[in-house]
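Read the structure below first, then the notes.
The values are calculated or read from the model by the stated rules, or taken from the named source; none is laboratory data. This is a predicted model, so every value here is computed, not measured. So basically every Cβ, Gly included, is an ideal-geometry build from the backbone, and we count neighbours across all protein chains shown.
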Amino acid sequence: MPTSKLRSSTVTASAKKRPAVTVASPSALIDARVKELADWRGEMLSRLRALIKEAEPEVTEEWKWRGTPVWSRNGIICTGETYKKVVKMTFAKGASLADPSRLFNSSLEGNVRRAIDFHECAEVDEGALKALIRAAVAANMSSASSKSR
């Protein structure tokens, strides 16, 4: 039997023995994270996620860096990281965004990113946050259009 036929039949036989691997969608992974947290952090992450989707209905949900929810539109808008005492919303281009409501309260020293740390029982200024999300999308759209020129 020619070697090429032997290899292909061997691969086919071994492939049949492997169990199928199901990969969850990023949205399903974010749903699972919210459920897994089962405390104020899950509720906050879920609320922030809803506000992101309201502010930008065409947002894409992603799951990056081994477990970080990421929301994108023509580039990363923000991430939603959960820690023991804080839910951190990091804006990829936050340093270039106007923040008249002074929502940014973390990662202020960098030249690119800015973040908002939400603690338990934190008040969320929904209007200001949606405006910041829309500004991040606009910055991504602007940089995407300038790259295509």
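For the reader, a short list of remarks on this structure follows.
- Matching residues in region 111-138 - criterion: being crowded, with 18+ Cβ neighbours inside 10 Å, in contact with a helix residue (DSSP H, G or I) (Cβ under 6 Å, 6 or more places away or on another chain) and not β-branched (Val, Ile, Thr): Arg113, Arg114, Phe118, Leu129
- Scanning region 48-73 for residues that are of a type in the set (Gly, Ala, Ser) and outside any strand (DSSP E or B) yields Ala50, Ala55, Gly67.
- Under the condition of being modelled with pLDDT of 95 or more, of a type in the set (A, V, I, L, M, F, W, C) and out of contact with any Leu (no Cβ under 7 Å at 6 or more places or on another chain), the residues counted in region 100-111 number 1.
- The set of residues in region 113-141 that are outside any helix (DSSP H, G or I) and in contact with a Gly (Cβ under 8 Å, 6 or more places away or on another chain) comprises Arg113, Arg114, Ala115.
- When Leu29, Leu108, Leu37 are screened for being exposed (fewer than 12 other Cβ atoms within 10 Å of the Cβ) and aliphatic (A, V, I, L, M), only Leu108 passes.
- Remark: Trp63 matches the filter, which requires a residue to be out of contact with any Gly (no Cβ under 7 Å at 6 or more places or on another chain), within 28 Å of Ser143 (Cα to Cα), in contact (Cβ under 8 Å) with a residue 24 or more places away in the chain and of a type in the set (A, V, I, L, M, F, W, C).
- Pairs are defined by a Cβ separation below 9 Å, a sequence spacing of at least 6 or placement on different chains, a first member in region 137-149 that is among the β-branched types (Val, Ile, Thr), and a second member that is part of a helix (DSSP H, G or I) and at pLDDT 90 or above; the pairs so defined are Val137/Ala55.
- Among the residues of region 67-99, the one identified as among the β-branched types (Val, Ile, Thr), crowded, with 23+ Cβ neighbours inside 10 Å and in contact with a Leu (Cβ under 8 Å, 6 or more places away or on another chain) is Val87.
A quick yes/no check of all residues on (1) modelled with pLDDT of 90 or more; (2) small (Gly, Ala, Ser); (3) farther than 23 Å from Val124 by Cβ:
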| residue | (1), (2), (3) |
| --- | --- |
| Lys5 | no, no, yes |
| Val11 | no, no, yes |
| Ala20 | no, yes, yes |
| Ala38 | yes, yes, no |
| Met44 | yes, no, no |
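- Qualifying residues in region 37-66 (those that are touching a Pro at 6+ places or on another chain (Cβ under 9 Å) and basic (Lys, Arg)) - the one farthest from Ala24 (Cα to Cα): Arg49
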